[in-house]
Every structure is written in structure tokens, then in C-alpha cells.
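The values are calculated or read from the model by the stated rules, or taken from the named source; none is laboratory data. Treat the numbers as computed from the prediction; the structure is a model and nothing was measured. With ideal geometry, Cβ positions are generated from the backbone for all residues, glycine too; neighbour counts draw on all protein chains shown.
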Amino acid sequence: MTMNHRLTGPTPLPPAVLHAMMQQPVSHRAETFRAQHRELTAHLQRLLGTRSLPMLFASSGTGGLEAAVSNVFRPGARVLVASIGLFGERLIEMSRAFGLELATCCKPWGSVLDPEELGLAIERSGHLDGVLVTHNETSTGVLNPLRELAAAVRSRCDALLVVDAVSAAGAVPIAMDQWGIDVLVTASQKALMSPPGLAVVAASPAALASAASCPRGRYYLDLNRMTDAAAEGTTAFTPPVTTLAGLTAALRMMDAEGFEGVFQRHRETARAARLTLRTLGLDCFSPEAAASPTVTCVPLPRMCFASQVRRVLAERHEVAVSQGRGCWKERMIRIGHMGHFRCDEVIGAVRALAAVVMP
Ligand SMILES: *Cc1c(COP(=O)(O)O)cnc(C)c1O
């Protein structure tokens, strides 16, 4: 028996992705690379619903978010950050770190962001240069209604909308241009079933124009420099070409399965996981209507401690899961089901968890 990897990231790689990476690194100035870059760009544009050129930065997802915040806003810009968990809190910290003037719309961990509430927060905030939201909150297993949230922003102001879609993109439909999203960030190691190492950043013309008008405060993570390179079928600096080959193979697989089929597999597996949980007497942390298709969070019964539960799951059941974050660290287990998984593996992990924690 091999380990059933149900972490919230990095996620398991399909054999085709592993295979694509078993080659000598190519030059990022070679024509073979440009062809691969063009193929990857076209897949990502369709997946994210954008005509903008997605940029590939050699960093984890946080680097992509830092590129967004440091490029499109100048110090003193007024932004509203919506937070429903750890990753929302990171957007708040990041905005502070770059000297932005901050308004927040914070809800307790486990809740979902209500578009009406975001709208009211925008109205209360006065002039805003930006609004920052998390699409899928990985720390609580909640999927925010991004389309409706974007509509709430677009109907009220022309602030630039920045979205952390790191644990959503590749698992749920996104129509960046149609919904009016200005910067969308994701990363290779979550639903895109590739190794860690690449942040994907797509930026609207308005976001790029804002970046061009304030060119200070970054060099490597520069959106305009990277967009110019992307137009040439390459990156501004040496990318992790091996990871990029893996990501291209992963997108090719998703394209072959059909993006709608991929989304449906995520939705149905997540629903089956929650049903099984409840049948076995456990609960899901998120409200059912906003339950994440990529991560299921399970509050533990009293007297169960997540680090111990994880150890027993790994040793006796060969199941690897993630713990809670923040004050839920010892009180929650998080089961990842994004990218490359079969439904029975996820259900197996849920059953094993119940076997360990239920009396
Ligand atoms: C994983 C994740 C990130 C980025 O984390 P990195 O470790 O920097 O890749 C950001 N936001 C969300 C919602 C995530 O799930």
C-alpha cells in the first residue's frame, strides 16, 4: 500500500506530469520553450477566462500575490481587504507591508463572504483604489461566491479587484474578464497538480496601466516586464523550466478531461466526502452552501488533537492529511482533494479519519 496523499498542497502529481519533467532543462530562449509557453498560455487563458497573458513567476503563490500588491498599488493607496480566514489575513498583512491604507471586511473563520456585506463595506469605505478577496479559503474550506462578489465591486466602484485564487483555479469555473477581475493569482502546486515553484498571475489592462504608472518598489516581480516577455513566448528571467514542463503536461491532461469535467469531479468528490463525514458522525466546518470543492475541513471531537490524529492516520492507515491553521491548529483536520485524485481515495481518507477519532 502506498501513502494516500490528501494534503492541501503540494498535491500529488499524475504520472504524465512526472514523465514530462524527466528531461534535461531547455533554454527559456529556445524555440521549443516558446512553443511550450504558447501552449501553456492558451490553456491558462481558457481556464481563467481571460484574454490577458498569464505571467509565470518563479515563486510560490505568495510571490504572485506580492507581485499583484506591489505592482498595482502605490504606498498610500486605499484598499479594502475581505478576510474569512488565514489567507485573507495574509492579504491584510501584505497590504500593510506595502504601506497601503487599509479598510477591512473581516468575518469569523468558517463563514462565507456575503456579496451584500462586501457591497456595504465598499460604500462605507469612501474612495477605494483596490479590493482584495480570497476565492477559496484553504484554512477553513470555504468557497467564496467570486462571481457575485466581483459584481458587488463592479456595480459600486472602479477599484482594481485582486483575487487570491490559489486553491480554486483549476477546480472551479472562473471568468476573469467577464466578471471584471483585475488581477488573479494562482500557483502550480494546488489544483493545477504540478510541483511547487510557479505562481501564475493574470492582470487586466487596467491593472497593467496602474502598474506602469508607479514603477517603483519591485524589480523581479514586475508585471509589465513579465507581460512583455510573455508576449514573446518566454519569461523575463530564468523560470523553473522543469516545473513549467510539468505544468504544461498537467494543463494538457485537464484539457483532455475537459475543464467542465474536472470541475464536476471536484464538486462531486467534495460532496461525497461531506456526506460520508456526516454518515460517520463527523461534521464539516464550512456552511454546506459554501463548502469548498478542493478542501474539506473537519473539526475534531473533544480530546482529539490534530497532530496526534495525523500521526496515527499516517502510521496505521497510510493517509496523509493537513492540520488546522491558526487557533484551529490542534482542533481541525483538513483533507485536500484538488488536482489529481480519485473519489475513492478521498472517501478512504474520510473513513480512516472517522475510524481514528470516533469512539
Ligand atoms: C496555498 C495558498 C496560498 C499560497 O501559498 P504558497 O505557499 O505561497 O504557495 C495562498 N492563498 C491560498 C488561498 C492558498 O491556499
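Looking at LEU118, LEU47, just one residue is under 21 Å from ALA152 (Cα atoms) and either among the aliphatic types (A, V, I, L, M) or within 16 Å of the ligand (Cβ to nearest atom) (or both), and that residue is LEU118. Under the condition of being assigned to a helix (DSSP H, G or I) and either of a type outside the set (A, V, I, L, M) or in contact (Cβ under 8 Å) with a residue 60 or more places away in the chain (or both), the residues counted in region 230-259 number 19. In region 167-192, what count of residues is obtained for those that are away from the ligand (no atom under 14 Å from the Cβ) and either under 10 Å from the mean Cα position of the chain (by Cα) or more than 17 Å from SER52 (Cβ to Cβ) (or both)? Selection size over region 167-192: 1.
Assess whether THR238 counts as being closer than 30 Å to GLU66 by Cα, of a type in the set (Val, Ile, Thr), touching a strand residue (DSSP E or B) at 6+ places or on another chain (Cβ under 6 Å) and at pLDDT 95 or above. Here the answer is no, as THR238 does not meet what is asked. When region 60-108 is filtered for residues that are part of a loop (DSSP other than H, G, I, E, B), within 13 Å of the ligand (Cβ to nearest atom) and surrounded by fewer than 23 Cβ atoms within 10 Å (Cβ to Cβ), only SER60 remains. All of ASP129, ASP164 fail the test of being within 12 Å of the chain's Cα centre (by Cα) and either buried (at least 17 other Cβ atoms within 10 Å of the Cβ) or aromatic (Phe, Trp, Tyr) (or both), apart from ASP164. Among the residues of region 3-17 satisfying the criterion of being touching a His at 6+ places or on another chain (Cβ under 9 Å) and part of a strand (DSSP E or B), which is nearest to the ligand (Cβ to nearest atom)? Here the answer is ARG6. Among the residues of region 322-357, those identified as under 27 Å from GLY261 (Cα atoms) and under 18 Å from the mean Cα position of the chain (by Cα) are SER322, ARG334, ILE335, GLY336, HIS337, MET338, GLY339, HIS340, PHE341. Any idea which of ARG225, ARG218 is of a type in the set (D, E, K, R) and touching a helix residue (DSSP H, G or I) at 6+ places or on another chain (Cβ under 6 Å)? Matching residue, one of ARG225, ARG218: ARG218.
One line per residue, one yes/no per condition, for (1) surrounded by fewer than 21 Cβ atoms within 10 Å (Cβ to Cβ); (2) closer than 13 Å to ASN4 by Cβ:
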| site | (1), (2) |
| --- | --- |
| VAL319 | no, yes |
| LYS329 | yes, no |
| GLY336 | no, yes |
| GLY339 | no, no |
| VAL350 | no, yes |
| VAL356 | yes, no |
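Could you check, for region 263-274, whether at least one of its residues is modelled with pLDDT of 95 or more, over 30 Å from VAL356 (Cα atoms) and hydrophobic (A, V, I, L, M, F, W, C)? Yes, some residue in region 263-274 is modelled with pLDDT of 95 or more, over 30 Å from VAL356 (Cα atoms) and hydrophobic (A, V, I, L, M, F, W, C).
The condition of being away from the ligand (no atom under 16 Å from the Cβ), among the β-branched types (Val, Ile, Thr) and without any contact (Cβ under 8 Å) to a residue 40 or more places away in the chain does not hold for VAL163.
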